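These notes concern the structure reproduced below.
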Amino acid sequence: DENTNPFAYSYVFTATKSGYLVAWTTARVYGNPLYVEMFRLKDRQKEIFDRYLPESVKIQTFGDSITDNYWGDQSSWVSYVPDNIKNTILTIVNSAVGGASIGGNGSYNIPHQVMNGYTRDGGTYAQPLDSTADIVVIFAGTNDWSAGQPLDSVKGNLATSFQYIFEHSKAKVVFCTPLQRYNDADQARDTDADGVPINILGMTLRDLCDELINVCKRFSVPVLD
């Protein structure tokens, strides 16, 4: 029955020269092998393939240590994405580098990651933008706030990254604002009138997030804040 989803039975398909589509499986139902079935689809083969084959999605991530999985211990959120996306042929390219910022001229800041990738310790390679990526996630900014990167540099580099991605791929881009921070160094910082830590530029992390969101609005990039 061509109206039944054959992938519910773990079928494997192959097209024959005669125009038939042959399906077979090693799965068993009630202890009996499923029958080999043949459908004369002819010109409808592509329609049936498009209807039943799982969607293929490639996600590429750029960012800092929150996204990076340099140690291979699955401590990064990226490692858990496949657990939450079902019925999809999913490819994930993690190009994030711990310690990265958006602004500045570092060899692994966000525009450098996107355009050139990064090699460290003589072998670990984070590849640059994959032009076939369907979704690009940029999750960064916490190190910019901590180090007090000049705001113009941060905003300019984020805009440059967006522009490069749009010019070299058809990917949908999503930006994630930096997480809340809590460590001894941050708690020892000066604070604003509300007692919120500020960096050397006098900015709270919320202030920086709002500036990053404004850049995203200019490029119509969705934000997970």
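The values are calculated or read from the model by the stated rules, or taken from the named source; none is laboratory data. What you see is a predicted model; the values in this text were computed from it and never measured. Neighbour counts are summed over all protein chains in view; Cβ atoms, including those assigned to glycine, are modelled from backbone coordinates with ideal geometry. Ligands, DNA and RNA are excluded from the accessible area calculation, which covers all protein heavy atoms including side chains. Shrake-Rupley method; radii C 1.70, N 1.55, O 1.52, S 1.80 Å.
For this structure, a couple of remarks:
- Residue, surrounded by the fewest Cβ atoms within 10 Å (Cβ to Cβ), within segment 69-90, restricted to residues that are among the aromatic types (Phe, Trp, Tyr) and at pLDDT below 85: 71
- Candidate set: segment 91-113, residues that are hydroxyl-bearing (Ser, Thr, Tyr) and open to solvent by 20 Å² or more (accessible area, probe 1.4 Å); chosen: the one modelled with the highest pLDDT: 91
- Within segment 179-225, if we keep just the residues that are hydrophobic (A, V, I, L, M, F, W, C) and touching a Cys at 6+ places or on another chain (Cβ under 8 Å), the residue that is nearest to residue 165 (Cα to Cα) turns out to be 223.
- From the options 133, 126, residue that is hydrophobic (A, V, I, L, M, F, W, C), modelled with pLDDT of 90 or more and surrounded by 14 or more Cβ atoms within 10 Å (Cβ to Cβ): 133
- In segment 183-208, the residues that are under 13 Å from residue 145 (Cα atoms) reach residues that are of a type in the set (Asp, Glu) and assigned to a helix (DSSP H, G or I) with C-beta atoms within less than 8 angstrom, at least six apart or across chains, in these pairs: 197/186; 208/144.
- Boolean, residue 98 is in contact (Cβ under 8 Å) with a residue 40 or more places away in the chain, under 23 Å from residue 209 (Cα atoms) and of a type in the set (Gly, Ala, Ser): no
- Being open to solvent by less than 70 Å² (accessible area, probe 1.4 Å) and out of contact with any Cys (no Cβ under 9 Å at 6 or more places or on another chain) is a description that does not apply to residue 116.
- For segment 183-195, filtered to residues that are over 23 Å from residue 152 (Cβ atoms) and within 33 Å of the chain's Cα centre (by Cα), the residue that is least open to solvent (accessible area, probe 1.4 Å) is 186.
- Only one of 149, 163 that is modelled with pLDDT of 95 or more, within 20 Å of residue 214 (Cβ to Cβ) and either touching a Cys at 6+ places or on another chain (Cβ under 7 Å) or in a helix (DSSP H, G or I) (or both): 163
- Selection from segment 181-197 of residues that are under 21 Å from residue 66 (Cα atoms) and in a loop (DSSP other than H, G, I, E, B): 181, 182, 183
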